[in-house]
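The values are calculated or read from the model by the stated rules, or taken from the named source; none is laboratory data. Remember, it's a predicted structure, so these values are computed and weren't measured experimentally. Positions of Cβ are generated from backbone atoms using ideal geometry, with glycine treated the same way; all protein chains shown enter the neighbour counts. Surface areas here come from the heavy atoms of the whole protein model, side chains and all, with no ligands, DNA or RNA. Shrake-Rupley method; radii C 1.70, N 1.55, O 1.52, S 1.80 Å.
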Amino acid sequence: MDADLHSILAADEGPALRVVNANAASPVVIVCEHASNRLPRALGNLGLDEAALSSHIAWDPGALAVALALGTALGATVIAANFSRLAYDCNRPPEAPGAMPARSEVYEVPGNARLGDAQKQARVQGLYKPFHAAVADALAARGAGAVLVTIHSFTPVYFGQPRAVELGILHDQDSRLADAMLAQAAAHTTLKTERNQPYGADDGVTHTLQRHAIKSGILNVMIEIRNDLLASAAGQAKAAQELASLLSAALASPRGAVA
């Protein structure tokens, strides 16, 4: 069944997102756009096999566990997508080809090929808009002192090339929090940490930061963790613990301090 009607989600499939600790006192809002590899029933399997749907093209393995553990450590709200980025990538605007990709890395995505306007709008209305409305509401509730942190994971090998970086601290035009984290990284994490790696703003990965933080001037950062380091619960807990320490130190520093 294809999704060209009014809503991409059936009533019994639940909401497009989950919000954890909505009334948290912390100014930090943690966002995980690629938390799930679940597809709406209306999309079937998009023409992909189980291996593809379990791979990085469908979600960011380990990212949700880190986001939730980080939220607990910081006493922060966590907002996570409930459906795969193959249905809609919530870190892309509707006009971006990658929002509903017909190809992702080495995989063709047959169910995303030749989508009509009604089909695209069903996904925008059902998945993208509710997700970003929740992010906007959470940030607005915290006012000018809000802090936006997005959590992602990336593959250790990309198109056959190994990646040495283990932790990426990414930013767009506003680098205040990223600068503060990079300045403190050696004291708070054992991970090999680099700026704007393995992606940067020029790769179109900072949509959430642009939409919710850049124009309003609130502190923001995008965090990328190599997913082989998140393959176990112990690895996820270690990454979250180090990130909590690093973020706390960065936010307390003069460069990253919340006004």
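If the condition is being open to solvent by less than 10 Å² (accessible area, probe 1.4 Å) and in contact with an Asp or Glu (Cβ under 9 Å, 6 or more places away or on another chain), then the range 167-177 contributes Leu167, Gly168, Ile169, Leu170.
Filtering Val78, Val20, Val31 for residues that are under 28 Å from Arg103 (Cβ atoms) and of a type in the set (A, V, I, L, M, F, W, C) leaves a single hit, Val31. Looking only at residues of the range 181-218 that are under 20 Å from Ala244 (Cα atoms), of a type in the set (A, V, I, L, M) and outside any helix (DSSP H, G or I), we find that the one that is least open to solvent (accessible area, probe 1.4 Å) is Ile218. Selection of the range 122-180 for residues being assigned to a loop (DSSP other than H, G, I, E, B), over 30 Å from Asn112 (Cα atoms) and of a type outside the set (Asp, Glu) yields Ala146, Ala164, Val165, Gln173, Ser175. Here Gln173 clears all of (1) touching a strand residue (DSSP E or B) at 6+ places or on another chain (Cβ under 7 Å); (2) over 22 Å from Ala58 (Cβ atoms) except the condition numbered (1). For the range 219-235, filtering for residues that are open to solvent by 10 Å² or more (accessible area, probe 1.4 Å), outside any strand (DSSP E or B) and in contact with a strand residue (DSSP E or B) (Cβ under 8 Å, 6 or more places away or on another chain) leaves 1. Residues in the range 1-31 that are open to solvent by 60 Å² or more (accessible area, probe 1.4 Å), charged (D, E, K, R) and in contact (Cβ under 8 Å) with a residue 12 or more places away in the chain: Asp2, Asp4, Arg18.
Could you list, in sequence order, all residues of the range 64-97 that are open to solvent by 30 Å² or more (accessible area, probe 1.4 Å), outside any loop (DSSP other than H, G, I, E, B) and modelled with pLDDT of 95 or more? Listed by number, the residues that qualify are Leu64, Ala65, Leu68, Ala69, Thr72, Ala73, Leu74.
Checked against (1) in contact with a strand residue (DSSP E or B) (Cβ under 8 Å, 6 or more places away or on another chain); (2) surrounded by fewer than 18 Cβ atoms within 10 Å (Cβ to Cβ), His34 meets all criteria but (2).
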